Amino acid sequence: MARMSRERDRAARVRRALKACPDLDATRIRVVIEDNVVHLRGAVRAHSARVLARALACDVDGVSRVVDELVVAPVATGWRRSTLSSITKNGDV
């Protein structure tokens with residue numbers, strides 16, 4: 001039970017470190033602790049953000065190992081409403 005509490009505390013400290021960095025958008029990063037190892041999962045906008053997230057996690061007190069499972073995926077701008085409204089029910093434009 002104490003180990004789970006320490007892991008939750010460590011994960012929370014890593015999340016705070018990621019969110020506190022003004023040079024990193026951590027909204028799509030999940031922090032998971034498995035067997036005392038920090039796993040960073042999710043997506044970042046650039047390779048530099050991936051490197052920064054890993055470095056920040058490593059700097060958190062009590063973290064001895066970080067597994068980087070992040071992918072670089074720029075945020076999609078999405079469809080404009082006018083484009084979507086021009087598509088009919090059967091898929092014709």
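Bear in mind these aren't lab numbers, they're just calculated from the coordinates by the rules spelled out. All values derive from a computational prediction rather than experimental measurement. Neighbour counts run over all protein chains shown; Cβ positions are idealised from the backbone, glycine included.
Listing for the model above:
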quantity: Around Arg13: net Lys/Arg minus Asp/Glu count, Cβ-Cβ under 12 Å; calculated: +2
quantity: Length gained when the stretch Val71-His47 is fully extended (0.36 nm per residue, less Cα-Cα span); calculated: 7.8 nm
quantity: Interchain or long-range residues, amide H under 5 Å from Gly42's placed H; calculated: Arg30, Val71
